[in-house]
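Each remark here refers to the structure printed beneath this line.
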Amino acid sequence: MNLYLLALGLLVTAALAAAAVVFARRRSAAWAAAGITAPNRRRTQLGTGFTLGGLAVLAIAVAGPTASVPVPRASGTVILAMDVSASMGADDIAPTRLAAAQKAARSFIQAQPASVDIGVVAFERGALTTARPDADHSAALAAIDRLKVTGGTSLGSAIIASLSAITGKRVAIGRDGATPDIGYWPSATIVMFTDGQDLGGNLDDAVAVAEQAGVRIHTVGIGTTAGTAVKVDGFSLQTALDEDALTAIARATRGTYYPGSDAGGLDGVASTIDLRLTVSDEPLPLAGAFIAVALVLLIAGSALTVFRTGRVV
């Protein structure tokens, strides 16, 4: 609220009120000097009061009053951890697991408001941040489009790289398995798109770091439990969705496992992933309401004055 405009408006209204009182007293004195009994002017005074009240309320409206209203909204940081290991080239989900995951990830990004910072981590046996968290989601979409299959799979590396992207600092598991304290990040979420096959050895330690930091991990299973064969370096390898591993990761971090056994099911995953809501105070403009009240008072004051005296003032 502009206090200077408010003070000026109320000062002008007070001056008009004082002038109205002085004018009324002088008029009463003139009636008395002429030996005439002054008529009952309560209705006129009431009309003047309504008019002055309307001006006072209008002065408040001009000052731009606002109220803080708590508004729940999705906000914070979301890292999309995308599995690009060789097994994601399997075609048990058409056209391939990776292509289906990319489509679902794009839908998820496009559904998020600008209040959510989105980053992308691509992982196989290692992991790399391909788009840092940002409210501008175009970088995340471009990073999703560039993904290609390669190498093995390390879910632990994916989680550690995602935590590094969230904190903006390198997170590492000690050689003795000691888990680092990276602070508390309750507004951060990792959404992992993977078939769940893990060839790494630090998954339990990585999950423990995320759990301690308050980072929720949602896992999206890409593939079928029946699995299929995929060619890697000329060899045919059997690959299948590991739902148990993905369910355990989600449960340990208070996240949710979302099965995506077909492309149609993945289309709906983006809209069902539950991000945490935060409550923030948003300014609610009240000028409109004050103007409406001022108009009612001004109209009432003018009507009473005209009805009693035949004049607007």
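The values are calculated or read from the model by the stated rules, or taken from the named source; none is laboratory data. Because the structure is a prediction, the values reported are computed rather than measured. So basically every Cβ, Gly included, is an ideal-geometry build from the backbone, and we count neighbours across all protein chains shown.
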Check on GLY260, of a type outside the set (Phe, Trp, Tyr), within 35 Å of the chain's Cα centre (by Cα), modelled with pLDDT under 75 and assigned by TED's automatic domain parsing to the domain that holds LEU80: no
Of all residues in region 85-121, which are aliphatic (A, V, I, L, M) and either in a helix (DSSP H, G or I) or over 26 Å from SER187 (Cα atoms) (or both)? ALA86, MET88, ALA90, ILE93, ALA94, LEU98, ALA99, ALA100, ALA101, ALA104, ALA105, ILE109
Has region 144-155 got at least one residue that is touching a strand residue (DSSP E or B) at 6+ places or on another chain (Cβ under 9 Å) and without any contact (Cβ under 8 Å) to a residue 60 or more places away in the chain? yes
Report whether or not ILE217 is of a type in the set (Val, Ile, Thr), assigned to a loop (DSSP other than H, G, I, E, B) and out of contact with any Pro (no Cβ under 8 Å at 6 or more places or on another chain). no
Report whether or not PRO133 is assigned to a loop (DSSP other than H, G, I, E, B) and not polar (S, T, N, Q). no
Members of region 298-311 that are modelled with pLDDT under 65 and either among the small types (Gly, Ala, Ser) or exposed (fewer than 11 other Cβ atoms within 10 Å of the Cβ) (or both): GLY310, ARG311
Would you check which residues across region 139-193 are among the small types (Gly, Ala, Ser), assigned to a helix (DSSP H, G or I) and more than 22 Å from LEU246 (Cα to Cα) and list them? ALA139, ALA140, ALA142, ALA143
Here are some conditions: (1) farther than 19 Å from ALA158 by Cβ; (2) assigned by TED's automatic domain parsing to the domain that holds PRO186. MET88 meets all but one. Which one does it not meet? (1)
So which residues in region 66-77 are of a type outside the set (Val, Ile, Thr) and modelled with pLDDT under 80, if there are any at all? ALA67, SER68, PRO70, PRO72, ARG73, ALA74, SER75
